Amino acid sequence: MLAVALCACPAFAQDKKPAEKPTEQQKRTTDCSKQAADKQLEYRTAMAVAKCAMSLNQEQSAVNALFLLKRDFPSDPEVLYITTHYFSELATRASQQLAQEAPGSYQAQELQAESFESQGRWEQAAAEYQKILNQNPSVPGIHFRLGRVALSKGESEADTTEAKKEFEQELKLDPTNAAAEFSLGEIARRAGQWDDAITHFSTAAKIDSGFAEAYLALGMSLVSAQKFAAALAPLEKYVKIVPEDPAGHYQLAVAYDRTGRKESAAREMQLQREAAAKAPPSATSATPQ
């Protein structure tokens, strides 16, 4: 009755103001708050599902939840940590299962060889890879790995010759192995054999159009061979793919300068300085060793 009386009272009715409509800014703020709340709910739910599935050994459910978290929260430290931890655990399980189910398979031997490689035990790694070839001479990738092991032993002429032989043998088995072509290019580049280096790097880039390092190495080899105009295209391609690398901008600046494009050279040098300022010390060298 009191409420009815107050509403009916002329004085009250006169003082009462109609509710104001929310402004566009208020609407946007409300929408943002709702979206933030929804995002937090999605995060907590997906994280709970992932942890629960992991504890119950439900691999597919755990992986699905982790992929969702990685997609929607790509920079979250907890997402990165738990993803690293779980996929490392899955890899360990798979390797143990491989050793149990097929201990004599070349895949099990390759896994063992890779383990030796990661520990820097080059002789043991080479021996395991050689066992694979003795049993399965046409398995792709093994000659490449033997070549990589040979280079890892040192930079002696014998090691380099052995590595080159293995990379060439790999390409006979698999002509589409861009990494083997690139490795042969690196051997030639370090020896100052620019024409051979250019040929191998060009082939590697053709095999794998996303092979960024091949474009940089090709451009650098062309610059070293004084073929500055030809170096522009691969170096321009490289800086588009890896704009944060100071080396690419430096090499492109050199090529621009030597072809008379002074303004472009100056721009690239500025980009090189900016990239170098942001890069860790180990990444600021403009010339590979």
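Values quoted throughout were computed directly from the atomic coordinates according to the rules given, and no laboratory measurement underlies them. Because the structure is predicted, anything quoted here is derived from the model rather than measured. Here Cβ is always computed from backbone atoms with ideal geometry, including for glycine, and neighbour counts include all displayed protein chains.
At each listed q (0.15, 0.25, 0.29 Å⁻¹), what is the log10 of I(q)/I(0) that the Debye formula gives for the range 44-101 modelled as equal alpha-carbon point scatterers?
-0.43, -0.97, -1.19
Under the 0.36 nm per residue contour assumption, what length would be gained going from the current alpha-carbon distance of T161 and Q226 to full extension?
20.7 nm
Return the sequence-ordered ³J(HN,Hα) values of the range 247-263 in whole Hz as given by the Karplus equation 6.51 cos²θ - 1.76 cosθ + 1.60 applied to θ = phi - 60°, using x for Gly and Pro.
Here the 3J(HN,Hα) series is 4, x, 5, 5, 5, 5, 4, 4, 5, 4, 4, 6, 9, x, 9, 5, 5 Hz.
Among the listed pairs K39/K70; K206/K262; K206/K227; K172/K240; K39/K240, which are separated by more than 22 Å between their Cα atoms?
K206/K262; K172/K240; K39/K240
Given an 8 Å cut-off on Cα distances and at least 6 residues of separation, report the relative contact order of the range 136-289 as a percent.
Worked out over the range 136-289, it gives 13 percent.
Given Cβ point charges of +1 (Lys, Arg) and -1 (Asp, Glu) and nothing else, what value in debye, to the nearest 20, does the dipole of the range 206-289 about its Cα centre take?
Dipole of the range 206-289, to the nearest 20 debye: 220 debye.
How many percent of all Cα-Cα pairs in the range 206-289 sit more than 20 Å apart?
26
Using Cα pairs under 8 angstrom and six or more residues apart, how large is the relative contact order of the range 206-289, in percent?
This gives 26 percent for the range 206-289.
Please turn the phi angles of the range 209-218 into ³J(HN,Hα) values with the Karplus equation 6.51 cos²θ - 1.76 cosθ + 1.60 (θ = phi - 60°), one per residue in order, whole Hz, x for glycine and proline.
5, x, 7, 4, 4, 5, 5, 5, 4, 5
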